[in-house]
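Participant: Can you keep this structure in mind? I'll have questions shortly.
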Amino acid sequence: MQLNIIPKPNKAEFFGGEVWIKDLPVRYETNDLHPEEFYCLEIKKDEIVITAKGEKGKYYAHLSLSQLEEAGKAPLMKITDMPAFPYRGFMIDSARHMQTVDEIKRYIEAAARYKMNIFHWHLCDDQGWRIESERHPLLNQKGSWRDCHGFGSKNMQRYGGYYTKDEIRDIVAFCKERFIEVIPEFDLPGHTTAIISTYPELSCRGAQVPVETVGGIFKNILCAGNDEVLKFCYDIIDELCELFPYPFMHIGGDEAPKARWCNCEKCQQRIKDEGLENEEQLQGWFANKIIAYLKEKGYTALAWNESLNSGIIDGDTVICDWMDRGNKCVPYANGGGKIIIEDFYHYYLDYVYGMTPLKKTYSYNPYLDGLTEQGKKNVLGVETPIWTEYIEDFDRMSYMCFPRLIAVAERGWTEPDKADYNSFKVRVKNQKDFLASLGITLCHESEWDPNALIRVKESVGRLIKSITPASIMATVFPNVDEK
């Protein structure tokens, strides 16, 4: 029997017959033997029974029940359900283009309906610093603003802003009510032009640079040989700890060309003093200093998969696999390290549907080839990011994310052998009215899975848009320091 529930429950037993459920009384039972995200939902003729360990399980039961109520009638049945993965995340990039607090809340509300439980908030990058800082207010006066909208936009007005601490607390509280944990990302040591534009002395050259207005990979990164850089990072972490009361913090670690470090006396001296082999190990050393500081504060660090390149990263670090060219994530997981799957070619929502059709997203298997049974247990879950270089408004963001975010939500909850794309397509169409109530427009079904010709055209267009001279130089010649 087809149930209009997303994500698809892992077990449903049907007893024959239907009942109008809107006015049925709900009775709760507690079972401490199950995990906190487990729930059992029984639809009987005269009542609804919800069994869970605590409030989180009850919440998920009610999410399923609310979708059944939209149909009016429901079959007499028993749903026994819990997630395939403990980590079911969505990421919003607010550095390249900001969203209002109301827009972020609407996005969170939609993600919560589909039982996602992690909000990864990307708050700083080369194109802007979006966190109010009381210890370093100049970050907000300078680093939070760029000369124009950028990224090819014809809007040449100055662009920027930041979220106040009260706004951040408001969003964190909103998430807490929906059993969603919030993970801030403080990207280090690359993607830090907004910091360096404010405090050039924290870079290797000390040269004044503007906040970037285009996308790409940039060679201006924080100086790993400068002790003042670590002090600055610790200051920011202290402020973040006051705002985000959850066990994880993301420290970036991606796309950090080493050209400046190769020609920096302080960085080269650091390599010698610490007995490191090269600049990759210098990044590992730098990351481990940050990770150790976070541990003192009670946090576990998340980092992008490039952090494994050093070979010395702290083994407690949770690695986010977005583009693992060196195939380092599988051995890391097999050896006991925790990983999160957010493959760019399947789960990145800023890629056009021609590059990443809905079926491709839904059908992706988070269990990477080569994982042992123990390694599979170290896959914490999945995450789907929306990067906003070319997404200036919430309508465009909604179009790109829905229904693909819903597909990732289902694959994070529903066991692989229960997944069914054809069933999903039917069920997701029924989400249109709910999403509309949040001001989110569901992408039309005709665009979910484009034909081959459209896929080629859209893919080429998207690739051309994303190529910049800075990215080419930093990717092809990461250690060449052009003057």
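Participant: Rounded to the nearest percent, how much of the accessible area of the stretch 232-317 (1.4 Å probe, protein heavy atoms only) is carbon and sulfur?
Facilitator: C and S atoms contribute 41 percent here.
Participant: Shifting gears a bit: Does the chain classify as rounded, prolate or oblate by the C-alpha gyration tensor (a ≥ b ≥ c root eigenvalues; a/c under 1.5 gives rounded; else a/b over b/c gives prolate, otherwise oblate)?
Facilitator: Prolate shape, in that a/c is at least 1.5 and a/b is the bigger ratio.
Participant: Grab the DSSP H runs of the chain that are 4 residues or longer, score each as -39,500 (n - 2.57), total them, divide by all residues and round the 222 nm result to the nearest 500 deg cm²/dmol.
Facilitator: Only helices count here, giving -10000 deg cm²/dmol.
Participant: Quick query: amide H of Gly128 versus all other amide H atoms, modeled in the peptide plane; which residues come in under 5 Å with a sequence gap of 5 or more or a different chain?
Facilitator: Long-range HN contacts for Gly128: Ala194.
Participant: Rounded to the nearest whole Å², what accessible area per residue is found for the chain with the 1.4 Å probe?
Facilitator: 41
Participant: Let me ask something additional. Using modelled backbone amide H atoms (1.01 Å from N, in-plane), which distant-in-sequence or interchain residues come within less than 5 Å of Asp350's amide H?
Facilitator: Amide H neighbours of Asp350: Trp387.
Participant: If you don't mind, another one. Looking at the square roots a ≥ b ≥ c of the eigenvalues of the Cα gyration tensor of the stretch 190-324, which shape do they give, rounded for a/c under 1.5, prolate if a/b is larger than b/c, or oblate?
Facilitator: Taking the square roots of the gyration eigenvalues as a ≥ b ≥ c, the stretch 190-324 is rounded.
Participant: Also: Grab the Cα-Cα distance for Ala436 and Thr100, subtract it from 0.36 nm times how many residues apart they are, and report the gain in nm with one decimal.
Facilitator: Length gained between Ala436 and Thr100: 119.2 nm.
Participant: Also, quick follow-up: Highest mean first, what order results for 93-100, 390-397, 79-86, 116-123 on Cβ atoms within 10 Å?
Facilitator: For the peptides 93-100, 390-397, 79-86, 116-123, the packing ranking is 116-123, 93-100, 79-86, 390-397.
Participant: Sticking with this structure for a sec: With +1 on each Lys and Arg Cβ and -1 on each Asp and Glu Cβ, and nothing else charged, work out how big the dipole of the stretch 283-402 is about its Cα centre, in Debye to the nearest 20.
Facilitator: Details: 11 positive and 16 negative charges, 81 e Å.
Once rounded to the nearest 20, the dipole reads 380 debye.
Participant: Right, next: Keeping the other protein chains in place, figure out the carbon and sulfur percent of the accessible area of the stretch 1-139, with a 1.4 Å probe.
Facilitator: 51
Participant: Here is a follow-up. Within 10 Å, count the other beta carbons around each residue, average over each peptide in 18-28, 285-295, and list them highest first.
Facilitator: Most protected by this proxy first, the peptides run 285-295, 18-28.
Participant: Is the C-alpha gyration tensor of the stretch 155-251 telling us rounded, prolate or oblate? Criteria: a/c under 1.5 is rounded; beyond that, a/b larger than b/c is prolate, otherwise oblate.
Facilitator: Oblate.
Participant: Related question: Do any GluC sites (Glu not before Pro) in the stretch 131-200 lie in a DSSP loop with no more than 14 other beta carbon atoms within 10 Å, and if so, which?
Facilitator: Hits after loop and neighbour filter: Glu134, Glu177.
Participant: Can you order the peptides 249-260, 305-316 by their average number of other Cβ atoms within 10 Å per residue, highest first?
Facilitator: 249-260, 305-316
Participant: Report, for the chain, the % of DSSP beta bridges that are antiparallel, rounded to 5.
Facilitator: Values: 21 of 57 bridges.
Beta bridges within the chain, antiparallel portion: roughly 35 percent.
Participant: Oh, and also: Taking the DSSP beta bridges in the stretch 115-253 as the whole, what percent of them are antiparallel, to the nearest 5?
Facilitator: So the antiparallel bridges amount to about 40 percent of the total.
Participant: Provide the FRET efficiency to the nearest 0.05 for the Ala452-Asn365 pair, computing r from the beta carbons and using R0 = 25 Å.
Facilitator: For R0 = 25 Å, the calculated efficiency reads 0.65.
Participant: Using a cut-off of 14 Å between beta-carbons, work out the net charge of the residues near Val379 (Lys and Arg +1, Asp and Glu -1, Val379 not included).
Facilitator: On the way: positive: Arg88, Lys338, Lys376, Lys377, Arg411; negative: Asp321, Asp324, Glu342, Asp343, Asp369, Glu373, Glu383, Glu415.
After counting each charged neighbour, the total is -3.
The values are calculated or read from the model by the stated rules, or taken from the named source; none is laboratory data. Quantities reported herein were computed from a predicted structural model and do not represent experimental measurements. Please note: Cβ atoms are built from the backbone with ideal geometry, for glycine as well, and neighbour counts cover all protein chains shown. Heavy atoms of the whole protein, side chains included, go into the accessibility calculation; ligands, DNA and RNA do not. Shrake-Rupley method; radii C 1.70, N 1.55, O 1.52, S 1.80 Å.
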